[in-house]
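Visitor: Below is the structure I would like to discuss, written out as structure tokens.
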Amino acid sequence: MHPIVKLVVQRLALGLLLLWATSILLFSLTEALPGDAAQAVLGQNATPQALANMREEMGLNRPAVTRYAEWFGGILHGDLGRSIINKVEISESVGRRLSTTIFLAFWAAVVAVPLSIFLGLLAVRFRERWPDKLISGLSLASISIPEFLLGYLLMYFVGVKLGWFPTNAIISDGMTLGQKLNAIALPVIVLTMVVLAHMMRMTRAAILNVMQSAYIETAELKGLSGFDVIWKHAFPNAIAPIVNVVMLNLAYLVVGVVVVEVVFVYPGMGQFLVDAVSKRDVPVVLACGIIFAAIYIGMNMLADIVSIIANPRLRHPK
Amino acid sequence: MSDPLLRVRDLKIGATVYPPGEKPKKIEIVHGVSFDLEKGKVLGLIGESGAGKSTIGLSSLGYGRGGVEITGGEVWVNGRDILKGGIKGLRKLRGAEVTYVAQSAAASFNPAKKLMEQVTEGAISHGRMTRAEAEKRAVELFRKLGLPDPENIGNRYPHQVSGGQLQRCMTALALCPKPDLVVFDEPTTALDVTTQIDVLAAIKEAIRDTGVAALYITHDLAVVAQVSDHIMVLRHGETVEYGETDQIINAPQKEYTQALVSVRSIEHAENLPKGDPVLRVSHVTARYKGTNFDVLKDVNVELHPGKTLAVVGESGSGKSTLARAITGLLPPTGGRIEFAGRTLSPGLNQRTRDDLRELQMIYQMADVAMNPRQTVGTIIGRPLEFYFGLRGDAKRKRIRELLDEIEMGDGFIDRYPAELSGGQKQRVCIARALAAKPKMIICDEVTSALDPLVADGILKLLLDLQKIEDVAYLFITHDLATVKAIADSIAVMYRGKVVRYGPKSDVLAPPFDDYTDLLLSSVPEMRLGWLEEVIASRRMESAGN
């Protein structure tokens, strides 16, 4: 077997193992919380008898291990259980919410990733000169401002004053792609500004690190232009660290957008999770948790695999 | 007479240095050097590190490393002052009219790109050839330089070929755009002596066949004597002597050149006593974890107190692995190591503190073998504390004694490694080893990273200390001149085996086994025509077989 296949399979197996461990952790944490689903459904004033009946009905009296096995078995079959509030299949409602969140994250990534890598390359090309300082300064400023403030500022100036984009990012199935993009323009800008600095700084640092290598001197002594040296000779050797930070930020775009979604009233996972927590809808919280964990683990695993594949020593062994 | 290809006039080069605790300041490192190079000729630039030879070589491409910049003078290439053309003019020149072969091809090839792409890149990006033409020329050059499978080797990545092959690829890279001038910067220094001779012959042949002119930079006078028409001897950024190769080698005028020519004048008569050895290695085999290949195979050697055993061989022969096995860093899988009359445990963890103390080690790279944040006093004082519990004045007194023994004064006690020269760093490492009062020191290529004259000083010091302290040396090296200078007995290693072992006079006297013969005949000799003789005699032999 090609060693790279072996490495990739190892990473995949490790990722699955990690996901399984996370599921145990999640389940035990919700178990440890005071109160349970029966309490949540019946409210504070429920009689002990009603609570006991409810627990019996919901199967909450069975041992935790049995319930965990049932829950985890369900996940393996794609069944996330039912909400205890409205009895709807979680996989259905989560599926809809997740796809809207991923829609937003996808377009934010489409803007942010190439932009940040390009700005990183530009900062290296003009390092220690004004374009570098300007790029670093602006991106650090944008990461330092809280997301909700950025959101309201954009809403006021771009949405209200200039009237370029709607201030509410409400999308529905009937809209065309253009209409949807118009609706999510402001949250995309906010998310881009939030994740830009990390990726830009890492691109800059990783490439500057490679620029110390002897083969960069070789490239310069071939008479290549400054940007060719960076793009053709430095960048391919800096892919691994850059991909790692890109994936971390992509994962953040999916699981960390609660604030931005609330600010722009965007019907994504973030709002869904907030609702579920406030209503003590434990199965929904568990489902969201395991999905977020899967996305984080998946993205980082992908970053590992890309790093492995980007290494010519592993790709083409002796 | 037409203009020379390269004309350098009163070249001055400056650098910005950052002394610790002071403001950065500008210093001049090359002080007005002038020379001419005709089409198709080879000029050798020779000197110690810091002499400015690489800096001068790179100036013919208008390039300065790090904070280095050309501050004055003129560099004319093909009748054009390249220092006046700006960066755009320089980019047209670099990789087209003038190309560069770096010392470490392994570091100078981009690990992420195929060889062919890198070899042809200059020629294509300058529009001197189409891709097809450039690739055809690259294959021709691969063939001319004696690379295996010239048609397909370009599809490989740098890590897939050997060091010697990579250095040839670097030469192909430099010759591909049909330049007028190639700067060779120590192209064979990083290679084994047996590999060096082939690469040297290939480079020489390629220079002759393509009619290109070359600047050949090296610290090894014997090497430069084989390839150049003229030689310029440099020291501290100034020309010491400049003349035809024959004159520089056979009739050097200046004292410094004479010292370079006669370097390695140390005489050490072998002296092998009877009695019990301090180290006896019997039937030792070793392999690295997770492999099924023995890197040491049935090694048997002995070393007597106060004597020197030189272990020679090329890289990969297992000589450093032997040191790791003896020190316990790599526990042997078989055999026995007896030291000072007792059997050593294989692994480092089971050894007593006395085992550790009596067996010290000195490394090739002195600067990475010391903590850059510790002063010389702390570095030498550490073993005194650890092994002998010395503190305060007693410790300081002993540090002074040790500094005295390595011929460095008290003034160094509070200095940091970064403030020392290469030779001084190695001396501090020697003092640190001696501080433990060892019975034996393993010296792993301790002079390989040093200039010849500095290395000579270190070897003399080691021999003097041996007499005073009665310490035995296991001296690992690939340099046969060093071996001749200091050894009492010699073990020649090849592919994990000791192929020849005995007193120095026996090992270095015929009849030789094939490998020792190859090794000995590959050491460059400081006379003209040596390379041709060796190559011719090897061709005759292989034709005879």
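The values are calculated or read from the model by the stated rules, or taken from the named source; none is laboratory data. None of these values were measured; they are calculated from a predicted model. Quick reminder, even Gly has a Cβ in these numbers, built from the backbone with ideal geometry, and neighbours come from all protein chains shown. We work out accessible area using only protein heavy atoms, side chains counted, and drop any ligands, DNA or RNA first. Shrake-Rupley method; radii C 1.70, N 1.55, O 1.52, S 1.80 Å.
Visitor: Test A:Phe27 against the criterion of being farther than 30 Å from A:Ile171 by Cβ, assigned to a helix (DSSP H, G or I) and open to solvent by less than 60 Å² (accessible area, probe 1.4 Å), and give yes or no. Give the derivation first.
Guide: On the way: farther than 30 Å from A:Ile171 by Cβ: yes; assigned to a helix (DSSP H, G or I): yes; open to solvent by less than 60 Å² (accessible area, probe 1.4 Å): yes.
Answer is yes for this residue.
Visitor: Shifting gears a bit: Could you go through the stretch B:363-381 and let me know if any residue there is within 30 Å of the chain's Cα centre (by Cα), closer than 23 Å to B:Gly328 by Cβ and polar (S, T, N, Q). Break it down stepwise before answering.
Guide: Taking the stretch B:363-381 first, the residues within 30 Å of the chain's Cα centre (by Cα) are B:363-380.
Filter again for closer than 23 Å to B:Gly328 by Cβ, leaving B:363-366, B:368-371, B:379.
Now restrict to residues that are polar (S, T, N, Q): B:364, B:371.
Checked against the condition, which is being within 30 Å of the chain's Cα centre (by Cα), closer than 23 Å to B:Gly328 by Cβ and polar (S, T, N, Q), the stretch B:363-381 yields at least one hit.
Visitor: Related question: Out of A:Val284, A:Val259, A:Val274, A:Val265, report the one residue that is outside any helix (DSSP H, G or I), more than 30 Å from B:Cys169 (Cα to Cα) and hydrophobic (A, V, I, L, M, F, W, C).
Guide: A:Val265
Visitor: Please go through the stretch A:306-318 and give me each residue that is open to solvent by 30 Å² or more (accessible area, probe 1.4 Å), part of a helix (DSSP H, G or I) and free of Cβ contacts under 8 Å to residues at least 12 places away in the same chain, ordered by number.
Guide: A:Arg313
Visitor: Which one of the conditions (1) of a type in the set (S, T, N, Q); (2) assigned to a helix (DSSP H, G or I); (3) modelled with pLDDT under 80 does A:Asn53 fail to meet, given that it meets all the rest?
Guide: A:Asn53 satisfies all of (1) of a type in the set (S, T, N, Q); (2) assigned to a helix (DSSP H, G or I); (3) modelled with pLDDT under 80 except (3).
Visitor: Between A:Ala303, A:Ala294, which is surrounded by fewer than 19 Cβ atoms within 10 Å (Cβ to Cβ), within 14 Å of A:Ala251 (Cα to Cα) and touching a residue at least 40 places away in the same chain (Cβ under 8 Å)? It would help to see each step written out before you state the result.
Guide: Numbers: A:Ala303 fails: surrounded by fewer than 19 Cβ atoms within 10 Å (Cβ to Cβ).
One residue alone meets the criteria, A:Ala294.
Visitor: What's the total number of residues in the stretch A:197-237 that are open to solvent by 20 Å² or more (accessible area, probe 1.4 Å), under 30 Å from A:Ile102 (Cβ atoms) and of a type outside the set (Lys, Arg)?
Guide: Counting residues in the stretch A:197-237 that are open to solvent by 20 Å² or more (accessible area, probe 1.4 Å), under 30 Å from A:Ile102 (Cβ atoms) and of a type outside the set (Lys, Arg) gives 5.
Visitor: Of the residues B:Ser108, B:Ser162, which is free of Cβ contacts under 8 Å to residues at least 40 places away in the same chain, within 12 Å of chain A (Cβ to nearest Cβ), on the phi < 0 side of the Ramachandran plot and out of contact with any Cys (no Cβ under 7 Å at 6 or more places or on another chain)?
Guide: Just one listed residue meets the conditions, B:Ser162.
Visitor: Sticking with this one: Considering only residues that are open to solvent by less than 30 Å² (accessible area, probe 1.4 Å) and touching a Leu at 6+ places or on another chain (Cβ under 8 Å), which ones fall in the stretch B:396-409?
Guide: Start the filter on the stretch B:396-409 by keeping residues that are open to solvent by less than 30 Å² (accessible area, probe 1.4 Å), which leaves B:399, B:402-403, B:406, B:408.
Result: B:Ile399, B:Leu402, B:Ile406.
Visitor: If you check B:Asp414, B:Asp393, which single one turns out to be open to solvent by 80 Å² or more (accessible area, probe 1.4 Å) and either within 21 Å of the chain's Cα centre (by Cα) or under 29 Å from B:Ser49 (Cα atoms) (or both)? Break it down stepwise before answering.
Guide: On the way: B:Asp393 fails: either within 21 Å of the chain's Cα centre (by Cα) or under 29 Å from B:Ser49 (Cα atoms) (or both).
Among B:Asp414, B:Asp393, only B:Asp414 is open to solvent by 80 Å² or more (accessible area, probe 1.4 Å) and either within 21 Å of the chain's Cα centre (by Cα) or under 29 Å from B:Ser49 (Cα atoms) (or both).
Visitor: Being at the interface with chain A (Cβ under 10 Å from one of its Cβ atoms) and part of a helix (DSSP H, G or I) is the filter here, so list the residues in the stretch B:112-123 that pass it. Before the answer, list the steps.
Guide: To start, the set of residues in the stretch B:112-123 that are at the interface with chain A (Cβ under 10 Å from one of its Cβ atoms) comprises B:112-114, B:117-118, B:121-123.
B:Glu117, B:Gln118, B:Glu121, B:Gly122, B:Ala123, listed by residue number.
Visitor: Of the residues that sit in the stretch B:447-486 and are in contact with a helix residue (DSSP H, G or I) (Cβ under 6 Å, 6 or more places away or on another chain) and in a loop (DSSP other than H, G, I, E, B), which one is most open to solvent (accessible area, probe 1.4 Å)?
Guide: It comes out as B:Leu450.
Visitor: Would you point out the residue of the stretch B:78-102, among those that are out of contact with any Ser or Thr (no Cβ under 7 Å at 6 or more places or on another chain) and among the β-branched types (Val, Ile, Thr), that is farthest from the other protein chains (Cβ to nearest Cβ)?
Guide: Of everything passing the filter in the stretch B:78-102, B:Ile82 is farthest from the other protein chains (Cβ to nearest Cβ).
Visitor: Checking the condition in a helix (DSSP H, G or I) and within 22 Å of A:Val190 (Cβ to Cβ), which residue from A:Asn244, A:Asn249 passes?
Guide: Details: A:Asn244 fails: within 22 Å of A:Val190 (Cβ to Cβ).
Checking each option against the conditions leaves just A:Asn249.
Visitor: Is it the case that the stretch B:333-341 has a residue that's among the aromatic types (Phe, Trp, Tyr) and open to solvent by 80 Å² or more (accessible area, probe 1.4 Å)? Before you say what the answer is, go through the steps one by one.
Guide: Quick first cut of the stretch B:333-341, residues among the aromatic types (Phe, Trp, Tyr) only: B:339.
Restricting the remaining residues to those that are open to solvent by 80 Å² or more (accessible area, probe 1.4 Å) gives none.
No, that holds for no residue.
Visitor: Condition check: hydrophobic (A, V, I, L, M, F, W, C), within 13 Å of chain A (Cβ to nearest Cβ) and touching a strand residue (DSSP E or B) at 6+ places or on another chain (Cβ under 7 Å). Does B:Leu181 satisfy that?
Guide: Details: hydrophobic (A, V, I, L, M, F, W, C): yes; within 13 Å of chain A (Cβ to nearest Cβ): yes; touching a strand residue (DSSP E or B) at 6+ places or on another chain (Cβ under 7 Å): yes.
Spelling it out, B:Leu181 is indeed hydrophobic (A, V, I, L, M, F, W, C), within 13 Å of chain A (Cβ to nearest Cβ) and touching a strand residue (DSSP E or B) at 6+ places or on another chain (Cβ under 7 Å).
Visitor: Mind telling me which of the residues A:Leu273, A:Leu250 ends up being away from every other protein chain (no Cβ under 14 Å), open to solvent by 30 Å² or more (accessible area, probe 1.4 Å) and in contact with a Cys (Cβ under 6 Å, 6 or more places away or on another chain)?
Guide: On the way: A:Leu250 fails: in contact with a Cys (Cβ under 6 Å, 6 or more places away or on another chain).
Answer to the check: A:Leu273.
Visitor: How many residues are surrounded by 20 or more Cβ atoms within 10 Å (Cβ to Cβ) and in a helix (DSSP H, G or I) when one looks only at the stretch B:159-169?
Guide: 6
Visitor: Considering only residues that are among the β-branched types (Val, Ile, Thr) and surrounded by 16 or more Cβ atoms within 10 Å (Cβ to Cβ), which ones fall in the stretch B:266-302? Don't jump to the end; show me each part of the working.
Guide: The initial filter retains those residues of the stretch B:266-302 that are among the β-branched types (Val, Ile, Thr), namely B:266, B:278, B:281, B:284-285, B:291, B:295, B:299, B:301.
If the condition is that a residue be among the β-branched types (Val, Ile, Thr) and surrounded by 16 or more Cβ atoms within 10 Å (Cβ to Cβ), then B:Val278, B:Val281, B:Val284, B:Thr285, B:Val295, B:Val299, B:Val301 are the ones that fit.
Visitor: Something else: Against the condition in a helix (DSSP H, G or I), over 14 Å from B:Asn110 (Cα atoms), open to solvent by less than 20 Å² (accessible area, probe 1.4 Å) and more than 10 Å from chain B (Cβ to nearest Cβ), how does A:Ile189 come out, does it pass?
Guide: Numbers: in a helix (DSSP H, G or I): yes; over 14 Å from B:Asn110 (Cα atoms): yes; open to solvent by less than 20 Å² (accessible area, probe 1.4 Å): no; more than 10 Å from chain B (Cβ to nearest Cβ): yes.
No: the conditions fail for A:Ile189.
Visitor: Moving on to the next point. Away from chain A (no Cβ under 12 Å), in a helix (DSSP H, G or I) and among the small types (Gly, Ala, Ser), is that true of B:Ala172? Quick ask: steps written out before the conclusion?
Guide: On the way: away from chain A (no Cβ under 12 Å): yes; in a helix (DSSP H, G or I): yes; among the small types (Gly, Ala, Ser): yes.
Yes, satisfied.
Visitor: Same structure, new question: Sort out which residues of the stretch B:192-219 are open to solvent by 50 Å² or more (accessible area, probe 1.4 Å) and under 21 Å from B:Pro452 (Cα atoms), and write them in order of number.
Guide: B:His219
Visitor: For the stretch A:277-291, which residues satisfy the criterion of being surrounded by 23 or more Cβ atoms within 10 Å (Cβ to Cβ) and either out of contact with any Leu (no Cβ under 9 Å at 6 or more places or on another chain) or among the acidic types (Asp, Glu) (or both)?
Guide: The one that is surrounded by 23 or more Cβ atoms within 10 Å (Cβ to Cβ) and either out of contact with any Leu (no Cβ under 9 Å at 6 or more places or on another chain) or among the acidic types (Asp, Glu) (or both): A:Asp281.
Visitor: Still on this structure, I have one more. Give B:Ser521, B:Ser489 a once-over and let me know the one that is free of Cβ contacts under 8 Å to residues at least 24 places away in the same chain, open to solvent by less than 50 Å² (accessible area, probe 1.4 Å) and in contact with a helix residue (DSSP H, G or I) (Cβ under 9 Å, 6 or more places away or on another chain).
Guide: Working: B:Ser489 fails: free of Cβ contacts under 8 Å to residues at least 24 places away in the same chain.
Being free of Cβ contacts under 8 Å to residues at least 24 places away in the same chain, open to solvent by less than 50 Å² (accessible area, probe 1.4 Å) and in contact with a helix residue (DSSP H, G or I) (Cβ under 9 Å, 6 or more places away or on another chain) holds for just one of B:Ser521, B:Ser489, which is B:Ser521.
Visitor: Now, a different point. How many residues are open to solvent by 70 Å² or more (accessible area, probe 1.4 Å) and modelled with pLDDT of 85 or more if we restrict to the stretch B:39-69?
Guide: Of the residues in that region, 3 qualify.
Visitor: Have a look at B:Arg137, B:Arg156 and point out the one that is open to solvent by 20 Å² or more (accessible area, probe 1.4 Å), more than 14 Å from chain A (Cβ to nearest Cβ), farther than 27 Å from B:Ser521 by Cβ and touching a residue at least 12 places away in the same chain (Cβ under 8 Å). So that I can check it myself, show each step before the final result.
Guide: Details: B:Arg156 fails: more than 14 Å from chain A (Cβ to nearest Cβ).
After applying the criteria, what remains is B:Arg137.
Visitor: Would you pick out the residues in the stretch B:45-83 that are closer than 25 Å to B:Gly122 by Cα, in contact with a helix residue (DSSP H, G or I) (Cβ under 6 Å, 6 or more places away or on another chain) and of a type outside the set (Val, Ile, Thr)?
Guide: Matches in the stretch B:45-83: B:Gly62 only.
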